[in-house]
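Report on the following structure.
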Amino acid sequence: MQNEQIKSKGSRRGFLAVIAVMVILIPATIGISWYLGDRKYYIASVLIMIYSMIPFFVSFERRKPQARELVTLAVMCAIAVASRAIFIAVPHFKPMGAIVMITGMAFGPQAGFMTGSLSMLVSDIIFGQGPWTPWQMFSFGMIGFIAGILGRAGVLTEKHPLRGAIVGFLLIFLLAGPLLDTSTVFTMMQFPGLDVLAIYLAGIPVNAIHGSAVALGMLLLSRPMMEKLDRLKTKYGMMQI
């Protein structure tokens, strides 16, 4: 009973920590990075990577993280990066968000947030770092976090892959996509006569293709991957992070 209370308290603190990271630390870091210009986005990316780990370790409270939990999340990050890299020749069709969502559903919002942000940072080593990288880390961290919340609430489960596909499409089309379009607006503000509306309109087909890739990934992968991750959690006593 006492052990369960410790886990619950640690999970609650981790949840509050991730809220503080998303609402305060990351937006402030992105804003300062954009204001300073030059190549400060490298520093911002490293800081966001550190921020992403804070809620994960806070959630453990008095117990040490098990090596198998860290290894599992590292593997999920690697799969997410591979799912983006394998479609490098297909413009905008990147199912990485589906792997991030599945991680959040299986291990909770803190783990989903960390997997999303770190996967984006690592995959940008392949696709190219730039002022957009902190924005990408934030947006995909949000996807993992929201998927974790919906997973805990029973809205997203492996029993309803179609529902997961719809949510995945909407998270890209209405959240991550517009956030990345906003990063384009900020990075192009130095050009006179910038048409902000044109940037958002141009992003609609891109976000639709991206969202379709994530929806397809959720439709095909959520059930088999969640079943395996659930067995892994049961076998080794891994908790939601």
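The values are calculated or read from the model by the stated rules, or taken from the named source; none is laboratory data. Predicted model only: the values in this text are computed from it and were never measured. Cβ coordinates were reconstructed from backbone atoms using ideal geometry, including for glycine residues, and neighbour counts include every protein chain displayed.
Within segment 101-113, does at least one residue satisfy the condition of being within 22 Å of residue 31 (Cβ to Cβ), out of contact with any Lys or Arg (no Cβ under 9 Å at 6 or more places or on another chain), of a type in the set (Gly, Ala, Ser) and in contact (Cβ under 8 Å) with a residue 12 or more places away in the chain?
First pass over segment 101-113, keeping only residues within 22 Å of residue 31 (Cβ to Cβ): 113.
After this cut, where a residue has to be out of contact with any Lys or Arg (no Cβ under 9 Å at 6 or more places or on another chain) as well, the list is 113.
From what is left, the residues that are of a type in the set (Gly, Ala, Ser) are none.
No - not one qualifying residue is present in segment 101-113.
Residue pairs whose Cβ atoms lie under 9 Å apart, sitting 6 or more positions apart in sequence or on different chains, and linking a residue in segment 45-68 that is under 12 Å from residue 113 (Cβ atoms) and at pLDDT below 75 to a partner that is assigned to a helix (DSSP H, G or I) and of a type in the set (Ser, Thr, Tyr), are 59/11.
When segment 104-115 is filtered for residues that are under 9 Å from the mean Cα position of the chain (by Cα) and not small (Gly, Ala, Ser), the ones remaining, listed by number, are 113, 114, 115. Do we find a residue being surrounded by 22 or more Cβ atoms within 10 Å (Cβ to Cβ) and more than 25 Å from residue 223 (Cα to Cα) anywhere in segment 154-176? No - not one qualifying residue is present in segment 154-176. With respect to residue 123, is the statement that it is in contact (Cβ under 8 Å) with a residue 12 or more places away in the chain, touching a helix residue (DSSP H, G or I) at 6+ places or on another chain (Cβ under 9 Å) and within 20 Å of residue 19 (Cα to Cα) true? No: the conditions fail for residue 123.
Screening residue 152 on (1) touching a residue at least 40 places away in the same chain (Cβ under 8 Å); (2) under 20 Å from residue 79 (Cα atoms) shows it passes everything except condition (2).
When residues of segment 186-241 are filtered for being closer than 30 Å to residue 41 by Cα, among the aliphatic types (A, V, I, L, M), more than 17 Å from the chain's Cα centre (by Cα) and modelled with pLDDT under 80, how many remain? Within segment 186-241, residues that are closer than 30 Å to residue 41 by Cα, among the aliphatic types (A, V, I, L, M), more than 17 Å from the chain's Cα centre (by Cα) and modelled with pLDDT under 80 number 3.
Pick from segment 90-134 the residues that are in a helix (DSSP H, G or I), aromatic (Phe, Trp, Tyr) and more than 15 Å from residue 171 (Cβ to Cβ): which of them is modelled with the lowest pLDDT? First the steps, then the outcome.
Here is the first cut: in segment 90-134, the ones in a helix (DSSP H, G or I) are 96-107, 109-127, 132-134.
Now narrow it down to the ones that are aromatic (Phe, Trp, Tyr): 107, 113, 127, 132.
Now restrict to residues that are more than 15 Å from residue 171 (Cβ to Cβ): 107, 127, 132.
On the way: 107: 90, 127: 91, 132: 86.
Ranking the candidates gives 132 first.
I need the full set of residues from segment 104-142 which are farther than 19 Å from residue 74 by Cβ and of a type outside the set (Gly, Ala, Ser), in order please. Answer for segment 104-142, where residues must be farther than 19 Å from residue 74 by Cβ and of a type outside the set (Gly, Ala, Ser): 127, 129, 131, 132, 133, 134, 135, 136, 138, 142.
Checked against the criterion of being closer than 18 Å to residue 97 by Cα, more than 14 Å from the chain's Cα centre (by Cα), in contact (Cβ under 8 Å) with a residue 40 or more places away in the chain and assigned to a loop (DSSP other than H, G, I, E, B), segment 157-177 contains one or more residues that satisfy it.
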